[in-house]
Amino acid sequence: MVNPHRPRTTRTEGWALQYLAQWRRRVEYLEARVDQKPRALFDNRVSILAGFTGCPGCDGHFFGDGPRDALERLMRRDGRRAHRLRVAVARLDQRYRDVTVELDRSRTMPWWERRAPWV
């Protein structure tokens, strides 16, 4: 039983917060790539549309069970925490939609896997 006179501290760990941070980093990465200035002559960054690069942070968008998939499973639950998670993810999803375009892919894939940056 929880003591009602002792307020709980804010959680700083947990799977939902980790997945949310990963999804936020991915969205911010795409925003930075779309908003970047023209590249220098000797820029060694691989184009984001090149496909597999070997970088786990970059390639998570192209294959595998990423943070957005895990967040989707967590948001299907009921309750106050799931609602707050849905609100936070909806904001990031809108930012993601703003910097990506819809691709002609199978409708069986989740919507976030059918999008690519508009660079």
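Coordinate-derived values only; no laboratory data. Bear in mind the structure is a predicted one, so any value in this text is a computation, not a measurement. Note that each Cβ is placed from the backbone with ideal geometry, even for glycine, and that neighbours are counted across all protein chains shown.
For region 63-119, the share of alpha carbon pairs falling in successive 10 Å distance bins from zero is 21, 48, 27, 4 percent. Here each label is just a point 7 Å from Cα along the line to Cβ, and for Thr108 and Ala82 those points are 2.6 nm apart. Here the calculated FRET efficiency for Leu17 and Asp69, from their Cβ-Cβ distance with R0 = 22 Å, stands at 0.85, rounded to the nearest 0.05.
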